[in-house]
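Have a look at the structure below, then the notes.
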Amino acid sequence: MDRCIVLVDAGYLLGAAASLLAGEPSRSRITVDHAALIQGLRERAESDTERPLLRIYWFDGAPDRVPQPEHRRLRVMPRVTVRLGALTRSDGRWAQKGVDAAMHAELTELARNRACSDVVLVTGDGDLLPGMMAAKEHGVAVHLWAVQAADGDYNQSEDLVAEADERRVLDRAWITKAVRAKDLGGICAPQPVPRPEIAAILSAPLPDSSLTGAAERPSEAAEHSPVAESQNGAEERVPAPKGVPTPKDLAALRAPGVQAPQHPASATLRWSSDKGWIERPGGATESTEAAALPTLAQLTSAEQRWADREEDITTVGGDPYEVGQVFARRWMERLTDPSHLQKLSTMYPRVPHRVDGELLRYAARFGLLAHKDDQIDEHDRYAIRAGFWREIDVRTAAEHAPAGE
């Protein structure tokens, strides 16, 4: 068949790009515009091979082979197929497992079935040499692309380079069309608008600023307080010895025999950040109202559940902020009692516990907890809840806007 296929080893491509642009192979040092990168690969492949593109195969590693947000974005792009190997941690470093074997199997199968006339390989691993040789024996022209090495030397297996039919180098000018080094301040997409919702959640009043007589607290209580007084009188956040206190930690402070700050009976745990107590008048009433709010599962029919799953797979990228927005949009659209939305709005920035738990379980579907020992990172939790509140705010603001605006 007179068409070309591109096989990309993402670990090699992005690792080499990070070395070139940021000085080290860590992918966390770069920002990638995946849409621009895929478009660049397609255009370059069709130009070099003089054949139309059939498909781009993107091979990468992921913990437990769970697609990460970038994989979810990639796999819904036209002409892109994502193949995931395992990602394991050894001696403090992440390593891909099974990616080379998957590339080898795909390459030989495509060549055996005469699915294409030209194959472009973006890789540097010599383990792919037998697959390259097999493809050539089936009459497929093999093009090997390299990422420009930071030190000007080869960053590919010499045997692989010698066996290829055609060779090209993706130089710095080509790479920087889609990849930027974070520490150089470069970005690929328009800089995101600052999200004040996250700042609002973080800056909600804590006991030292909201309770009277805080200055007279015993010094022992300071050990449990997440804020301290700086020299100029401003509040300054001091990390707790064990990190951010969990609800369990804070509950333990009220256990019999434990000396702890004297919080009022109406003080409740702020689930939106899990790191302090805030005073809420009528705490018992609020708790009853929160318990009365329906969950998304209660509002969702079987048909809607199927449609939600389809949308999650095909259109939701998995960015934590976006996940919170999608959840809130579905919850609001399915409410039968508008008063529930008004009740929820008065609880800002606290997400009621039963809704918050469902929100975080929904976010876990997108692989946001894969690197964190089954715990969603605290920063991601802030972003998820901020997206949730942003969507709520947009809806409530629209409902209260004067007609004609």
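Every number in this text was worked out from the coordinates using simple rules, so none of it is lab data. Here the structure is a predicted model, which means the values were calculated and not measured. Here the Cβ positions follow ideal geometry from the backbone for every residue, glycine too, while neighbour counts run over all protein chains shown.
In which sequence would M1, M103, M332 go, from the one with the fewest C-beta neighbours within 10 Å to the one with the most?
M1, M332, M103
Under 1.5 on a/c is rounded, so check that first for the range 4-184, then, if it is not, pick prolate when a/b is larger than b/c and oblate when it is not; a ≥ b ≥ c are the square roots of the alpha carbon gyration tensor eigenvalues.
On the way: a/c = 1.39, a/b = 1.30, b/c = 1.07.
It is rounded, given that a/c, with a ≥ b ≥ c, falls under 1.5.
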Per-peptide average of other Cβ atoms within 10 Å, ordering 311-317, 324-330, 344-350 highest first
324-330, 344-350, 311-317
The range 294-333 to the range 108-177: how many Å between their Cα centroids?
41 Å
Cβ-based exposure ranking for V394, V355, in which fewest neighbours within 10 Å come first:
V394, V355
Mind checking the full-extension length gain between T315 and T288? Use 0.36 nm per residue of separation minus the Cα-Cα distance, one decimal, nm.
6.1 nm
Counting only residues 5 or more places away or on other chains, whose amide H sits under 5 Å from the amide H of V80 once H atoms are built in the peptide plane?
I56
Once both label points are put 7 Å beyond Cα along the C-beta direction, the E109-E24 separation in nm becomes 3.7 nm
Got a sec to turn the phi values of the range 295-306 into Karplus ³J(HN,Hα) couplings, 6.51 cos²θ - 1.76 cosθ + 1.60 with θ = phi - 60°, whole Hz, x for Gly and Pro?
7, 5, 4, 5, 8, 9, 7, 5, 5, 5, 4, 5
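Neighbour counts of other C-beta atoms within 10 Å: give me W145, W174 arranged from fewest to most.
Numbers: W145 25, W174 17.
With the sparsest Cβ surroundings first, the list reads W174, W145.
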